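The values are calculated or read from the model by the stated rules, or taken from the named source; none is laboratory data. Just so you know, these numbers come straight off a predicted model, no measurement behind them. Here the Cβ positions follow ideal geometry from the backbone for every residue, glycine too, while neighbour counts run over all protein chains shown. Surface areas here come from the heavy atoms of the whole protein model, side chains and all, with no ligands, DNA or RNA. Shrake-Rupley method; radii C 1.70, N 1.55, O 1.52, S 1.80 Å.
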Amino acid sequence: MDMTDINPAASDAAADSGRRFGDVILDLQNISLRFGGVKALTDISFDVREHEIRSIIGPNGAGKSSMLNVINGVYHPQEGRILYRGQERKRLEPYMAARQGIARTFQNIALFKGMSVLDNIMTGRNLMMKSNILQMALYWGRAQKEEIAHREKVEEIIDFLEIQNVRKTPVGQLPYGLQKRVELGRALAAEPSMLLLDEPMAGMNVEEKQDMCRFILDVNDQFGTTIVLIEHDMGVVMDISDRVVVLDYGKKIGDGAPDEVRNNEDVISAYLGTSH
Amino acid sequence: MLYRENGQFKTSYAADQQIFPILQDRWALGLLLLVAFVVMPLVGSEYFFRAILIPFLILALAALGLNILVGYCGQISLGTGAFMAVGAYAAYNFMVRIDGMPLIVAMLLGGLCATVIGVLFGIPSLRIKGLYLAVATLAAQFFTDWAFLRIGWFTNNSTSGSVSVANLNVFGIPIESPVSKYLFCLVVVCLFALMAKNLTRSAIGRQWMAIRDMDVAAAVIGIRPVYAKLTAFAVSSFIVGVAGVLWAFVYLGAWEPAAFSIDRSFQLLFMVIIGGLGSISGAFLGAAFMVLLPVVLDQLPHWLGIPISTATVSHLVHMIFGALIVFFLIVEPHGLAKLWSVGKQKMRLWPFPH
Amino acid sequence: MKFKPLALAATLVTLGAASFATPAMAQEQYIPLLSYRTGAYAPNGIPWANGKQDYLKYVNANGGVNGVKIAYEECETGYATDKGVECYERLKGRGASSFDPQSTGITFALTDKAPIDKIPLITLGYGLAASQDGGVFKWNFPLMGSYWTAADILIQHLGEKEGGLDKLKGKKIALVYHDSPFGKEPIPLLQKRAEMHGFQLNLLPVTAPGVEQKATWLQVRRDRPDYVLLWGWGVMNSTALKEAVATGFPREKMYGV
Amino acid sequence: MGFFLETLFGGLMAGMLYSLVALGFVLIYKASGVFNFAQGAMVLFAALAMARFAEWFPKWFGFESLLLANLLAFVAAMAMMVVLAWAIERFCLSKLVNQEGITLLMATLGIAYFLDGFGQTLFGSDIYSINVGMPKDPAFVMESMFEGGVMISKEDLVAAAVSALLVIVLALFFQKTKTGRALRAVADDHQAAQSIGIPLNRIWVIVWSVAGFAALIAGIIWGSKLGVQFTLSLVALKALPVVILGGLTSVPGAIIGGLIIGVGEKLSEIYIGPMLGGGIEIWFAYVLALGFLLLRPQGLFGEKIIDRV
């Protein structure tokens, strides 16, 4: 994967193009998750194919974020199997998921508040830095070379996300929309093969949303990154998703292409609240 | 108008990543080092070395070590005194049990022993956070207090539990006079400060800060909490252990476990809070403040001719420290170091308000 | 602890005499007073510091020592060694003629420095046991003996009370001591004495700071020693007395330092 | 056997006192999520106020009754604790809302430091006594069963009774009064409590006052037993392992944790201590708590901590 030739504005209309769908990369089978007596997820199965944009939608409290937390190992489901690239995952900690190429953003921004934009994105390169503590203490030889090499990569991401002018600002001082972008940048810095995005456009105005959509599509298109997306804005979801899974009260009530889901009875009633 | 970065363009990332990217800062640092290494030894009085500079340097080093743990990695420790004690007693044992053990080697070995103990007591940090960790580190404090008092082997079976060292030298140069002690501490502190700064601006430093700011997010981008926390404990206790060796060997010369009591642990934590959590210069500012304030307050009645009892002054010091800690936590969690950099920022823009 | 003021009187007279013997001195002798009126050990330090001051005032009111007035200044150490060193370094420059560090820890830290500065360290009934031999630390002047002297006096007294040191054979003596270098000082001497006279010595440490003594006194009650030697501190003693009452240990069989 | 029982009782009594201090911790932690390191300093401050006022009032107002002096001193000391609670809320906590636990912990360390200096400036740093007429002699029970009987200090018994009473009073206060219920609501959910119209600030002042009350009682009992002196604030550090053991949010946990620590400490000092050279009391409680932290971080009765993302 090479990031040098990014052209952000190139692929606005990638949503409907015939994309390179690959095999199933992630297969979730009969996942159930409980907190004490509270059921967060009940018997949920779905899969994610390589290179696709897979959205998870559903009303508040439907278990969408819990689903992402299961995928990257923050929560451990009590029942069910998870197959990643055909291999069953046993108990997996989040950092291991990261090693397998799964990156993530959070619903409530989870940036490192005390650090600058640059340092935040640099943490994303962490897995690729190999120098040992002594080399770092002396800041000499490999350690310095690595710092510079990764800094170059990070600067590319910064350019891509158009946040050059705030690179040395502590992230806490940035407006919300920019913070979301930095968080995306941090996830991208890890060069993930799968990117989990938890409401990346929440609280944004239309313009910011458009920017974010463009970034997501670009990432998907240019790097072939598989994307699992949680989003409330139906317009956005229906526009950019390849397939959509619908959750309600921790259960799956719909799954399929945007058009299928749009016409699904259960989904309509869940959103309009007519039955239950 | 003198303090400007205008016109100082960086043409490489290496240049942008230096510790002091601004030219004037480099000049100021050079000047400071010149004063510390050359001017001070020429003009400093014995009182200044023995009572102010040497304890300041050593405590700054210990605060630096603690700041890595508390300020950078967000793991609280109330057992710093214990890790200093481990360093001091370990180095003492290396010195008395192995003939011809050089001071520097003993010091580093002392630091390593502190590292081992630090990591051992850091293990609970993998399961527990903040408040609970305070108790775990207190356990380290009380246990080592007891061990060095009780277990005769550590003190070479000295009847009272007090031990002493004499005839210190480095490469044959005796470390006896106040000036030589001062210079020795200064060299050690400068080297460690530089290494600490390097660590904190490297990948490992970012890992620590990531764990501090949001541990779940850190894990999600691939930082192993175990590794980050334990390295912070290791590096921190190593530095603290070396500071313990200096405190015992160079500053006190003869000591008992009480030199590393829980009071010392609190004192260091306060230095870090007042000086600035998560900054290298903060450790120095905090140490300077904590060392100087009691001395100045002690002297004040003497200078002004106001009769205040020494006890009242000492209570006053307590109150001022307590109040300042709360003040800094509320108003400026990054302490004096942050105030300093805000001041610099203002200077950079002066005379324009924004 | 009652012997402190007495000891002080003795010292200061000696000191005064010494100063008189050096004719070049001014008509004032400057004596810094290191004291601890704060911190965990303040209950012990306050009366001690007050006693010193009162005595010096008394000497000055009576015209000083052979006409030489004593100037003094207090410096608060809080019983902390580093603070003590700071006080020493600061006040020695004002022409101090002697120091009484009031703390074993500070004495330790100053013992190396005093010979260089040529300032006598006066330790009244405390300090380094080894300084009894004047050749070891030439500038340390233990007055009123050391902890060993005190412990020995106690044993002598117990012997007297029992009608001879040999009568101590088979007796049980418990040492309830503050668990610090200070508290451990008398142990070697007492052990030696125990060997000599055949009494049984029970060592009961009280952990710092010294107010939690329940377990100690329960052990005293179990062992039923004939005498209890209390090697306490200001902090420890008041509690010890209260616990002794609470465990019903007779007060006439307790001896404190 | 008789000696074992004595040790056991001794431990229970000491533990009761730890519980009293631990209670203050738990109350504050439950209501405001603050790990109050200053509880020990508050005990010292309260005890100093009580001791000194009881000494000063008869002099100032020219009466001699010890009972009256104690009563007035108690009222005055309690008033000081309420003012203190108000000041802590006003100048410290209210400005640290929503900060992380570690920051709040450090703030209470600052408060502790301040109080140590302030208390001693106001009241002096010598040893003072509190005489509330606690019996000082030992009592002997079960003399028929064991030689010499089993000794129990009457003072300890009274202290235990007072502590038990305090716990009952607090339990009633929390269960039966409106304020108590409000406090519990806050403990469960800050925002929910606020949304039903409970002013958070006032709740905090009340909680800190109640913790001050617990500190005052602990200070009086301890002061009467051991004398009021600076070290009281250090002994209170023992309450930390107690709350870890019992669980940070559990009032019964504080009581039972205190008893376990008290008994464990005395038994270990007497039966294991001599093997290790004695003095192990100083770390026993902490190492026990440390072990507990590794096995069961939430303590015996605490709620399980679930990290939700």
Residue ID - farthest from A:Asn60 (Cα to Cα), chosen from residues in segment A:111-129 that are at the interface with another protein chain (Cβ under 9 Å from one of its Cβ atoms) and modelled with pLDDT under 90: A:Met129
Filtered residues of segment C:58-89 (kept if crowded, with 21+ Cβ neighbours inside 10 Å, free of Cβ contacts under 8 Å to residues at least 40 places away in the same chain and of a type outside the set (A, V, I, L, M, F, W, C)): C:Thr81, C:Asp82, C:Lys83, C:Glu86, C:Glu89
Residue within segment B:271-278 that is open to solvent by 10 Å² or more (accessible area, probe 1.4 Å) and within 12 Å of chain D (Cβ to nearest Cβ) present: yes
Of all residues in segment B:212-238 being open to solvent by less than 10 Å² (accessible area, probe 1.4 Å) and more than 15 Å from A:Leu127 (Cβ to Cβ), the one that is nearest to the other protein chains (Cβ to nearest Cβ): B:Ala232
Residue satisfying all of: in segment D:117-146; open to solvent by less than 20 Å² (accessible area, probe 1.4 Å) and in a helix (DSSP H, G or I); nearest to the other protein chains (Cβ to nearest Cβ) among these: D:Gly117
Residue tally, condition more than 7 Å from chain B (Cβ to nearest Cβ) and either open to solvent by 40 Å² or more (accessible area, probe 1.4 Å) or farther than 20 Å from C:Pro209 by Cα (or both), over segment D:285-296: 5
Helices (runs of 4 or more DSSP H) wholly inside segment C:104-203 that include at least 3 residues being farther than 23 Å from B:Asn157 by Cα: C:114-117, C:147-162
Failed item in (1) more than 9 Å from every other protein chain (Cβ to nearest Cβ); (2) surrounded by fewer than 20 Cβ atoms within 10 Å (Cβ to Cβ); (3) assigned to a helix (DSSP H, G or I), with B:Ile308 passing the rest: (3)
Filter result (β-branched (Val, Ile, Thr), within 28 Å of D:Arg90 (Cα to Cα) and either under 10 Å from the mean Cα position of the chain (by Cα) or not in a helix (DSSP H, G or I) (or both)) within segment D:209-230: D:Ile217
Residue satisfying all of: in segment D:18-40; open to solvent by 10 Å² or more (accessible area, probe 1.4 Å) and assigned to a loop (DSSP other than H, G, I, E, B); nearest to D:Val205 (Cα to Cα) among these: D:Gly33
Unmet requirement for B:Gly65, which otherwise passes all of (1) open to solvent by 40 Å² or more (accessible area, probe 1.4 Å); (2) at pLDDT 90 or above; (3) small (Gly, Ala, Ser): (1)
Checklist (1) within 19 Å of C:Met254 (Cβ to Cβ); (2) crowded, with 17+ Cβ neighbours inside 10 Å; (3) free of Cβ contacts under 8 Å to residues at least 24 places away in the same chain; (4) among the basic types (Lys, Arg) applied to C:Lys184, failing item: (1)
Single match in A:Gln107, A:Gln100, A:Gln135 (criterion: of a type outside the set (A, V, I, L, M, F, W, C), under 17 Å from B:Ile19 (Cβ atoms), more than 7 Å from chain B (Cβ to nearest Cβ) and open to solvent by 50 Å² or more (accessible area, probe 1.4 Å)): A:Gln135
Among the candidates C:Ala194, C:Ala246, C:Ala240, residue that is without any contact (Cβ under 8 Å) to a residue 40 or more places away in the chain, buried (at least 22 other Cβ atoms within 10 Å of the Cβ) and of a type in the set (Gly, Ala, Ser): C:Ala246
Residues (away from chain B (no Cβ under 12 Å) and outside any helix (DSSP H, G or I)) located in segment A:153-189: A:Glu162, A:Ile163, A:Thr169, A:Leu174, A:Pro175
A:Val206 being more than 8 Å from chain B (Cβ to nearest Cβ), open to solvent by 50 Å² or more (accessible area, probe 1.4 Å) and within 24 Å of A:Glu231 (Cβ to Cβ): yes
Failed item in (1) crowded, with 19+ Cβ neighbours inside 10 Å; (2) within 8 Å of chain B (Cβ to nearest Cβ); (3) not β-branched (Val, Ile, Thr), with A:Pro77 passing the rest: (2)
Every pair of residues 6+ apart whose Cβ atoms lie under 7 Å, when the first sits in segment A:160-188 and is among the small types (Gly, Ala, Ser) while the second is open to solvent by 70 Å² or more (accessible area, probe 1.4 Å): A:Gly172/A:Lys113
So A:Ser55, is it hydroxyl-bearing (Ser, Thr, Tyr) and open to solvent by less than 10 Å² (accessible area, probe 1.4 Å): yes
